[in-house]
1. Output yes when any residue across the range 362-376 is modelled with pLDDT under 65 and either assigned to a loop (DSSP other than H, G, I, E, B) or closer than 26 Å to R315 by Cβ (or both), and no when none is.
2. Quick check on my filter: what residues within the range 196-216 are touching a residue at least 60 places away in the same chain (Cβ under 8 Å) and closer than 19 Å to C246 by Cα?
3. Quick one: F176 ticks every box in (1) out of contact with any Leu (no Cβ under 6 Å at 6 or more places or on another chain); (2) modelled with pLDDT under 80; (3) more than 29 Å from A245 (Cα to Cα) except a single one, so which number is it?
4. Could you tell me which numbered condition R156 fails, if it satisfies all but one of (1) exposed (fewer than 12 other Cβ atoms within 10 Å of the Cβ); (2) assigned to a helix (DSSP H, G or I); (3) at pLDDT below 80?
5. Can you tell me which residue in the range 431-458 is most open to solvent (accessible area, probe 1.4 Å), limited to those that are modelled with pLDDT of 75 or more and among the basic types (K, R)?
6. Within the range 127-143, how many residues turn out to be part of a loop (DSSP other than H, G, I, E, B) and open to solvent by less than 70 Å² (accessible area, probe 1.4 Å)?
7. Determine, yes or no, whether F234 is in contact with a Cys (Cβ under 6 Å, 6 or more places away or on another chain), assigned to a helix (DSSP H, G or I), open to solvent by less than 70 Å² (accessible area, probe 1.4 Å) and at pLDDT 90 or above.
8. Out of everything in the range 179-209 that is open to solvent by less than 20 Å² (accessible area, probe 1.4 Å) and either in a helix (DSSP H, G or I) or over 28 Å from G414 (Cβ atoms) (or both), what residue ends up being modelled with the lowest pLDDT?
Amino acid sequence: PSLSSPRSPPAMAGEEDSPASVRGQGTQAEGSLLDVEAQRPAAGIAAAASLPARETPMAGKAVAGGSSGGDDDLGSGVVHGHNSPGRADDAEQRAIASEVDPAPPPPPPEPHAEAAIRTRKVRLYRLWPSDNRFCCRGFVMTGAPGHDCSTSGCLREARDSVVGGTRFDMVCESFFKCVEGVGVVDHPIFTKTSIANLFAWFCILLPCGLYFGFAMPYYWATVHPIVPLVALFFFVLTVGCLLAACLSDPGIIPRREVILATGAEKRLEEELGYNPLGEPAAAQLAPDTNVVRMSVPAELRGRGYRWCVTCKIVRPPRASHCPDCDNCVMRFDHHCPFVNNCVGQRNYLFFFGFTSSVCCLSLIVIPTLLWYLLAGLGFQQQRGKTAVGFDEVDQSGLLKGVLITLAVAGGCAGLLVCGLWIYHIFLICSGLTTKEHWRGRKVQSLPGMGDELTIFGRRGRRLFNPRAIVEAVTTEGGDLVLKGSGQTVMEV
C-alpha cells in the first residue's frame, strides 16, 4: 500500500506515531513515550525492524502528517531516552506536578459534631464536685468519710505486701480493675462513712443488743412489760434520728457549676430571695481569657452576704463553708464525725432528736443491764436471797466480765452524749450555732438573725436534685466533668 515505506517498518511507524501524538496531546504524552523507549532494549528494536510492513491507521496518520523535522525529533528523542533515562523520569515528574493540582486539605470537623461526641447525659450525683457520698442511686447522701478506703485499694496494699514484685502482679491487677468497675463492691456501705460514725453505731447497737437479748425477757416476765417497751421505743427513735441526721441534706447551697448545669438559677432566686450567682461586674476582662468577674451587690453585702471563693456563689449571713464536705451549708452549725455529716439548717432537728433520744436510751438500758448482770453474780441481794436465781443467768465468769465491761463503756459514752445534749440546749436558748459560739459572737452582733433561731427556724426545701440529668463533657484525660466547670470566676 502507498502509506507503507520500506524504511518505515511497523515498529518504526509506532515510533513515528508517538511524536505526532506528543505534539497534539502535550508534554505529558511525550514524557510517557520517552519512558517507554528508554525501557525498550536495543535488541527488541532490531528485531522489530526485520518484520514485514504492516498497515495501521495511526501509522498512516503519522506518515501523512510526518516531515523531516518530525523524524529528526523522533530520532533525537530516542537517542536522548536511551542515553539519559533519569532525565526522562525527572521531566515526567515535573510535567505531572505542573499539570495536576495538589489535593485540597480535608475540611475541619463541624463544631456541633465534635460536641455531640464529647458530651454525655448523666445523673448529677455521679459528677458531684464536692466530697459527699451518695447511696441508693442518689436518693440518700452523707458527708465526707475522711478517708479514701476502697476494696480495690485494700487489695492492692495486701498484694504489695505479699506478692509484690513477682509475676503475679499483672494477674492481680486485672482482677482489681474488674473490682473497680463495680461500685457496690469497690465502695461498700461501710467505706462511705467515718470511723467515728462506726464507733457511734457500735456504742448504740452492742449495749442494746445485750439488753434485748438477755435482760428484756427477764424484765418482761418479772418486773413489767412497760420497761422493755420504753427501751424499745427510745431505741427505734435513736436509730431513726441517727439515720436521718446521717443521710439527709444539711442545707447545702449547690456550687456555681451545679446551678448552671441544672438550670436552677431562677428557682434558687425564688427560694433564697436573691441571686446566688451574684451580679456581673462592670469591668470585664477580654473574652478570650475565659474569666468572668462577679460582685456581691452593695445592699446584700451590708446585710451580711459574702462571696465564697470555693463554690463561686453568694452565701447568706449564717451560712458557712464546711472544709470537710467542701460545701456551703445554710445556718452551718458544725461538722459532726459521729453522724458523718454536716449539721445545718435542714438536719439540725434530726441531730438534736438523736442526742435527746440517745440520752434517754442510755439512762434506761445501761442501768437495767448492769443491774441484771450484777444481780446474777450475787452482788444484789434481798434478805439473803438473790434477786435473780443463778439458774436464770449464765454463770460463766469470763462472759459476765466481758458483758459488764462493754456495758460500762456504753455508759461512759452515754454520759458524754448527755453532756453534748446539755450544751446544745444552751445553744438553742442562746440562739447561736456551735461555730458562732466558738467564735465568740453574740446574738446582737449576728446579721440576719430575726426568727431564724436554730431549731425553731425554717427548715426550707432542698436546693438541688442529685438525680437530675446534666450534660457532662469528656476531658482530654478521659474524665467526665460538668459542662461549663472550666470557667474561671473572680470576685471584684
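1. no
2. Correct list: A196, N197, F199, A200, C203, I204.
3. Looking at each condition in turn, F176 falls short on (1).
4. For R156, the failing item is (1).
5. Selected residue: R439.
6. Qualifying residue count, the range 127-143: 6.
7. yes
8. Taking the candidates together, the pick is D186.
The values are calculated or read from the model by the stated rules, or taken from the named source; none is laboratory data. Computed from a predicted structure; not experimentally measured. Positions of Cβ are backbone-derived with ideal geometry, glycine not excepted, and every protein chain shown enters the neighbour counts. Each accessible area value is taken on the protein alone, full model and side chains, heavy atoms only, with ligands, DNA and RNA left out. Shrake-Rupley method; radii C 1.70, N 1.55, O 1.52, S 1.80 Å.
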